[in-house]
Amino acid sequence: MRLSLACLAKPILHGYFRSSCSWRVRIAFALKGVEYDQLPVNLIKDGGQQLTEEYKALNPMQQVPAVEIDGITLSQSLAVIQYIDETRPGPRLLPADPKARAQVRMISDLIASGIQPLQNLYVIQKIGAEKMQWSQHFIDRGFQALEPILKQTAGKYCVGDEISMADICLVPQVYNAERFKVDVGKYPTIKRLNEALLEIEAFQVSHPSRQPDTPDDLRA
């Protein structure tokens, strides 16, 4: 079977070093061992490079990430992760077992829909001076729901003993929680899982402190 040139080309990730959604995709690529190119989209510079007409053509929601892969452009990090999982060899990011797979999706959706959007850049810019309290409130609210779920599903990682899309979502969200001064120690399961995952190379190389567009003062 002949592969098209589009399928042979490296994927291109349009993202931002500190974006949770971009980081999720970087983790997925790293776990799968997929080489890719990055084209940074600075969400602050020039009033927000994601707001240009050129970028809007890639992602009509004017958010990051946008991923050019196999001749198509995808946005929405969970859709990108699932596409990577279904088209690339390497460790599964969604379990084969239907119950475990549903748990992974539940945890991922809780974070990606129920927590992260309420403290992304666009929202907190609208909130203004109360952005710290706003962000803390909604992260705490989400973690109060996530902690008991993870107590039931977790083994070494979020669901059992294999890394999954749920773990890919968890680590960037804990990073955000720490940025907004949330006491993660109140959530011992979340804290334990995050610490275990940050020992893994794929989570380290994809970290916001190690990206091409990371400012010098935030580099590790």
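The values are calculated or read from the model by the stated rules, or taken from the named source; none is laboratory data. The model shown is predicted, which means the values in this text are computed figures rather than measured ones. Methodologically, a virtual Cβ is constructed for each residue, glycine included, from the backbone with ideal geometry; neighbour enumeration extends over all protein chains shown. Areas reflect the complete protein model, heavy atoms only, side chains present, ligands, DNA and RNA absent. Shrake-Rupley method; radii C 1.70, N 1.55, O 1.52, S 1.80 Å.
Here is how the numbers come out for the structure above:
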| quantity | calculated |
| --- | --- |
| Calculated P(r) of region 65-154 - Cα pairs past 14 Å, % | 73 |
| For Leu39, residues with placed amide H under 5 Å, excluding near neighbours | Leu13, His14, Gly15 |
| Percent accessible area from carbon and sulfur atoms, region 98-204, protein chains only, probe 1.4 Å | 52 |
| Solvent accessible area, Å² - Met61, 1.4 Å probe, full protein context | 120 |
| Ellipticity estimate at 222 nm from DSSP helix runs (n ≥ 4, -39,500 (n - 2.57)) divided over the chain, nearest 500 | -15500 deg cm²/dmol |
| Accessible area, probe 1.4 Å, largest first, for residues His207, His14 | His207, His14 |
| More than 17 Å apart - percent of Cα-Cα pairs taken over region 5-91 | 43 |
| Inter-centroid distance (Cα atoms) of region 6-41 relative to region 93-123, Å | 19 |
| Solvent exposure, largest accessible area first (probe 1.4 Å, DNA, RNA and ligands not counted), of Glu53, Glu130 | Glu53, Glu130 |
| Percent antiparallel among DSSP beta bridges (both partners in the chain, rounded to 5) | 60 |
| Per residue accessible area of region 69-164, 1.4 Å probe, in Å² | 53 |
| Count of Lys pairs (Cα-Cα under 19 Å; at least 8 positions apart or interchain) in the chain | 10 |
| Residue of Ala30, Ala166, Ala102 that the Gaussian network model of the chain assigns the largest fluctuation, springs spanning Cα pairs under 10 Å | Ala102 |
| Heavy-atom SASA rank of Ser135, Ser75 (probe 1.4 Å, accessible area, largest first) | Ser75, Ser135 |
| Convex hull volume of the chain per residue (C-alpha atoms, cubic angstrom) | 127 |
| Fraction of beta bridges assigned by DSSP in region 5-91 that are antiparallel (%, nearest 5) | 65 |
| Modelled FRET efficiency - R0 35 Å, Val123 with Glu86, Cβ distances, 0.05 increments | 0.70 |
| Accessible surface of region 5-91, 1.4 Å probe, proportion on carbon and sulfur as whole % | 55 |
